[in-house]
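Below is one structure, written out as structure tokens; comments come after it.
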Amino acid sequence: MKPIAYVDRLNAFYRNQGFPPYQWSVYETAPLTPLRKPLNQCRVALLTSGGVSRKDAPPFDPLARNDLRVDAIPAETASAHFQIHDDYYNHGDADRDINCIFPLDRLRELAAEGVVGSVAPHHYSGFMGRTYIRTAVMTQAAPALARRLAEEAVDAVVMVPG
Amino acid sequence: MLVSTGRDLSSQVRAPRTAFVNFPMGNPFGHPFDKVTQRRILLEALHILGSVTEGGTLIDLPCEWGEEFGLNLGSGYTSA
């Protein structure tokens, strides 16, 4: 099937609700930092924006606005030890198996097999949707995470939107 | 490396590298407990890391959900 036209559908949704047009982030170009070593030497982390937290951490606000919270999740956390709180996508399947959206078991297996060099000490969860303070994300929250990833010598991050 | 189920959303944001998976939002790595598909998508995304030479590249991963799916955005939208 053809990909769903989310932008058109969401524009129509907001219009029908009487909201002003949503200001999408649109970029014409993107930087590229080449991978400097083979995958089997890379340290890899995961990042999700799907409202995923450990069961012993506070749940995310499922209707959050402008929430810049980013959790550092120890990579050895068992896959059954997560909760998802986000009312803006269907996470029924991911509730049963977190690997649907946050494939930490599969990444562990690839590292154990030597396909990737290692799993980073932490995965990250944050940057939930409905963030209207883009400047704060771009100048504060995202650079802070990038610094932390650099400190942990992470070579690559697999980012998964919710 | 972005793994996305929203092709139009991600192509306008233009991450350095995007793998598009034509699965429902909430299932970018497939069905629960389908380890084979979860692994395949993660592995293909990781291989893209090293093969992309131009920032903003979006690659359509070969994948079939097997049935039609809709927007299904969750209760937040209906209560907005």
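Observations on the model:
- Length gained when the stretch A:R108-A:R134 is fully extended (0.36 nm per residue, less Cα-Cα span): 6.1 nm
- Taking both sides together, the accessible area buried where A meets B is about 4700 Å² for a 1.4 Å probe.
- The calculated FRET efficiency for A:N40 paired with A:A12, based on their beta-carbon distance and R0 = 45 Å, is about 0.45.
- For the protein assembly as shown, share of DSSP beta bridges that run antiparallel, in % to the nearest 5: 30 percent
- Built amide H within the under 5 Å cut-off of A:V70, gap 5+: none
- Gain in span if fully extended, A:D71 to A:A142, counting 0.36 nm per residue against the direct Cα distance: 24.3 nm
- Share of carbon and sulfur in the accessible heavy-atom surface of the protein assembly as shown [1.4 Å probe, %]: 53 percent
- Shape call, the range A:1-96: gyration tensor on alpha carbons, a/c limit 1.5: oblate
- Rounded, prolate or oblate (a/c below 1.5 giving rounded, otherwise prolate when a/b exceeds b/c) for the range A:23-162 by Cα gyration tensor: oblate
- Straight-distance candidates among the aspartates and glutamates for linking to A:K37, with alpha-carbon spacing under 19 Å and chain neighbours fewer than 8 residues away dropped: A:E113, A:E151, A:E152, A:D155, B:E44, B:E54.
- For the pair B:L71 and B:K35 in one chain, pulling the backbone fully straight at 0.36 nm per residue adds 10.5 nm over the alpha carbon distance.
- Prolate/oblate/rounded call for chain B, Cα gyration tensor, a/c under 1.5 rounded: oblate
- Computed accessible area, A:K37, all protein chains, 1.4 angstrom probe, square angstrom: 80 Å²
- On the basis of the beta-carbon distance and an R0 of 35 Å, A:K55 and B:D60 show a calculated FRET efficiency of 0.50.
- Globularity index of the protein assembly as shown, i.e. its alpha-carbon radius of gyration over 2.2 N^0.38 Å: 0.96
The values are calculated or read from the model by the stated rules, or taken from the named source; none is laboratory data. Since we're looking at a predicted model, the values are computed, not measured. Because the Cβ atoms are built from the backbone with ideal geometry, glycine has one as well, and the counts that use them run over all protein chains shown. SASA here: full protein model, heavy atoms, side chains in, ligands and nucleic acids out. Shrake-Rupley method; radii C 1.70, N 1.55, O 1.52, S 1.80 Å.
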